[in-house]
Amino acid sequence: MSNKVVKFGGSSLADANQFRKVAAIIKSDEKRKYVVPSAPGKRFSDDIKVTDMLYKCCELAGSGIDFSETFQMIKDRYNGIISELGIDMSLDGDFDFIENELKRSPARDFAASRGEYLNGKVLANYLGYNFVDAADVIIFDTKGSLLLEQTVRAVRDRLRELDNAVIPGFYGRTTEGTVKTFSRGGSDVTGSIIANAVKAEIYENWTDVSGFLIADPRIVENPDVIEVITYRELRELAYMGASVLHEDAIFPVRSAGIPINIRNTNRPEDPGTMIVSDDYDFSGESLRYTITGIAGKKGFSTINIEKAMMNNETGFGMKILSVLYENGLSFEHMPSGIDTMSITLSTEKLAPVRDKVIADIRKAVQPDHIEIEDDISILAVVGRRMKNTRGTVARIFAALAHARINVKLIDQGSSELNVIIGVNEHELPEAIRRIYDMFINSEK
Ligand code: ASP
């Protein structure tokens, strides 16, 4: 029978009540056989995640300071969940072992990983599922890079004989046997690897939102959820800062052609967002807007360079790029005219070498004029349908023109998957709202 891999984030497993919702979701579909939990997250906005408390214990232990108070808070979190769920288990042996390990040799990755390890044990017990320690199947090399092939083999070998399993997220071990974690939010990656290994029909990633939103809800009131997004579109939006998913969670499922479904533990009836490959059959999609999402990022500067007859000067661009390279700068966009060129790059990265870069460019190409403009924001309008829809760019600019928003830069990649626009920083929110109105509200 085909199966589904389900990953639950920290807020989905923050207390006993959330555990009950999670169990109900799992039990409502017999294909949900492989479960990847995070550590208990926040129950309310200024609560502390178990992972953060574990890092704190490790830090204190490392400085020889007593960490028993924080460690007690961690024990209380798990014991509270166990007693409220009324399950018959004790983690006391584990708690003692972890506390002693931290005193003996406080290792950050080991400490942090225990949040998922313990939560996995509790969840497995509550569901009546097998517990598989991620340290037995997720394998890193000694430098800390994941060994995907070896891991996939180990997962397959281990899960072959089991009907179901809870495999904690976020960590594994190196070939030398040391516990190693992914970067923060890494349970997403574990889920993706397990989905690849068991050839899941879908990787469900359960969190506390009903999917990716078309625009940032702090800017657009109550934006629609994106129903279907391709991996490529997601990359474009994620790069601009819109993200619910760990970046490294894409590759293992993408390479195996497995879709990801972002779902909301608190609203399981919502279909969430499907992340799919380009060849997905989109015909079942009900909402079909021309664009998929809009995202904006602040904190850019442009270096504007003017020189008469620049276009005739061989190697002009190369000389400018060499200056950037020599100063360790990467750039985002570089639109140019006949006699002008402007380079967009991060204000923060430019800051330490600002004057030097200007001096170096002056020396390299003797421009007629050069200046830096700050407070630029970049916004990306992303959508696979733009390619086949005439007039999309016209509509974007009409929306901005009506709002009297000055466009500082325009860039459309050859993939026609996105249009990049630079605006003054203070106009970014309004620009996003206007584009949202133009495409979403008016296409409803
Ligand atoms: N618990 C870890 C963190 O807080 C990993 C995860 O939740 O994915 O980053």
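The values are calculated or read from the model by the stated rules, or taken from the named source; none is laboratory data. Please read these numbers as outputs of a predicted model, since none were measured by experiment. Cβ atoms come from the backbone with ideal geometry, glycine included; neighbour counts cover every protein chain shown. Surface accessibility is based on the protein's heavy atoms, side chains included, excluding ligands, DNA and RNA. Shrake-Rupley method; radii C 1.70, N 1.55, O 1.52, S 1.80 Å.
For the reader, a short list of remarks on this structure follows.
- Subset tally (residues that are open to solvent by less than 10 Å² (accessible area, probe 1.4 Å) and either part of a helix (DSSP H, G or I) or free of Cβ contacts under 8 Å to residues at least 60 places away in the same chain (or both)) for the range 175-187: 1
- Residues that are surrounded by 15 or more Cβ atoms within 10 Å (Cβ to Cβ), more than 9 Å from the ligand (Cβ to nearest atom) and outside any helix (DSSP H, G or I), drawn from the range 48-65: Ile48
- In summary, strands (runs of 3 or more DSSP E) completely within the range 270-366 and bearing 3 or more residues that are of a type outside the set (A, V, I, L, M) and at negative phi occur at 293-306, 340-346.
- Any chance Arg434 is within 24 Å of Asn388 (Cα to Cα), modelled with pLDDT of 95 or more and among the charged types (D, E, K, R): yes
- Elements of type helices (runs of 4 or more DSSP H) in the range 73-171, at least 1 residues being within 16 Å of the ligand (Cβ to nearest atom) and of a type outside the set (Val, Ile, Thr): 108-127
- If the condition is being outside any loop (DSSP other than H, G, I, E, B) and either free of Cβ contacts under 8 Å to residues at least 12 places away in the same chain or within 13 Å of the ligand (Cβ to nearest atom) (or both), then the range 28-47 contributes Val36, Pro37.
- Every test in (1) within 28 Å of Lys33 (Cβ to Cβ); (2) in contact (Cβ under 8 Å) with a residue 40 or more places away in the chain; (3) open to solvent by less than 50 Å² (accessible area, probe 1.4 Å) is passed by Asp163 save one, and that test is (3).
- Complete set of residues in the range 118-132 that are of a type outside the set (Ser, Thr, Tyr), open to solvent by less than 50 Å² (accessible area, probe 1.4 Å) and more than 20 Å from Lys75 (Cα to Cα): Leu127, Val132
- Test: residue in the range 197-214 that is more than 15 Å from the ligand (Cβ to nearest atom), touching a Pro at 6+ places or on another chain (Cβ under 7 Å), modelled with pLDDT under 95 and open to solvent by 50 Å² or more (accessible area, probe 1.4 Å): yes
- Residue count, the range 7-21 (criterion: away from the ligand (no atom under 14 Å from the Cβ) and either assigned to a helix (DSSP H, G or I) or crowded, with 24+ Cβ neighbours inside 10 Å (or both)): 5
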